[in-house]
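The next block holds one structure in the form of structure tokens; read it before the comments.
The values are calculated or read from the model by the stated rules, or taken from the named source; none is laboratory data. Since the structure is predicted, the reported quantities are computational estimates derived from the model, not experimental observations. Here Cβ is always computed from backbone atoms with ideal geometry, including for glycine, and neighbour counts include all displayed protein chains. Just the protein is used for accessible areas: all its heavy atoms, side chains included, with ligands, DNA and RNA removed. Shrake-Rupley method; radii C 1.70, N 1.55, O 1.52, S 1.80 Å.
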Amino acid sequence: MATLATIIDNLARAQRELLRAADAIPGEQWKTRPAEGRWSAGELVGHLSAIEQVILSRTDRLLQKPPKSVSFYERFHVPMMIVEARVIRRKAPTPLKPQVVQDKEEMLAELRGVRERTLAFIEETRGRDLSRYTMGHPFLGTLNAFEWLQLIASHEIRHTKQMKEIAGTLRKTVTSLEK
């Protein structure tokens, strides 16, 4: 199981890589979908912010209650590297509202702010055994609070790959339109 220090490092690395990938998308193309049925860079960042907020909120509520015991078999779950690999494509559990997508810099600032709240939460819970608090995930199985925090980084790594795909597709579209 990952330590808090490892999770903090993973969160920093994941966000750094995502922001680097987002740099490749010009502000005027932030809301442009690369293809029908695909997310724009803005929608992707809106999704990441929303999911991180939900995970943080649910984990905070989870820690307000006494931990529940979990059977040995319930502790098994899909490895995080499967999340990061983006081999299995998943539909977002809830569609994004169009008003969520704002200007690029505004959205990236919001994403950074959400991460600051996540890191503050980690600091507030330092010293508690977060492995005793568990909650189910619809695809991965039962995760403890440490694993939920790691999932934020793994989820961002997954979507960094998608951000790079968006940037590559938009570049090709612009190049073909210029020809």
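With the condition kept exactly as written, say whether any residue in the range 13-26 is of a type in the set (A, V, I, L, M), outside any helix (DSSP H, G or I) and either in contact with a strand residue (DSSP E or B) (Cβ under 8 Å, 6 or more places away or on another chain) or open to solvent by 60 Å² or more (accessible area, probe 1.4 Å) (or both). Scanning the range 13-26, I find no residue that is of a type in the set (A, V, I, L, M), outside any helix (DSSP H, G or I) and either in contact with a strand residue (DSSP E or B) (Cβ under 8 Å, 6 or more places away or on another chain) or open to solvent by 60 Å² or more (accessible area, probe 1.4 Å) (or both), so the answer is no. Figure legend. Inter-residue proximity from the range 41-63: first residues charged (D, E, K, R), second residues modelled with pLDDT under 95, beta-carbon distance below 6 Å, spacing 6+ or different chains. Indicated pairs: Glu43/Leu96; Glu43/Val101. If we scan the range 81-97, do we find a residue that is under 27 Å from Ala22 (Cβ atoms), modelled with pLDDT of 95 or more and either open to solvent by less than 90 Å² (accessible area, probe 1.4 Å) or acidic (Asp, Glu) (or both)? No, the range 81-97 contains no residue that is under 27 Å from Ala22 (Cβ atoms), modelled with pLDDT of 95 or more and either open to solvent by less than 90 Å² (accessible area, probe 1.4 Å) or acidic (Asp, Glu) (or both). Which members of the range 27-53 meet the condition of being open to solvent by 30 Å² or more (accessible area, probe 1.4 Å), within 15 Å of Lys161 (Cβ to Cβ) and either part of a helix (DSSP H, G or I) or aromatic (Phe, Trp, Tyr) (or both)? Hit for the range 27-53 is Trp39, nothing else.
When residues in the range 96-124 are screened for being touching an Asp or Glu at 6+ places or on another chain (Cβ under 9 Å), under 17 Å from Ser57 (Cα atoms) and β-branched (Val, Ile, Thr), 2 of them pass. Within the range 96-119, residues that are over 12 Å from Ser40 (Cβ atoms) reach partners that are surrounded by fewer than 18 Cβ atoms within 10 Å (Cβ to Cβ) with beta carbons closer than 6 Å, at six or more positions or on different chains, in the pairs Val114/Gln53.
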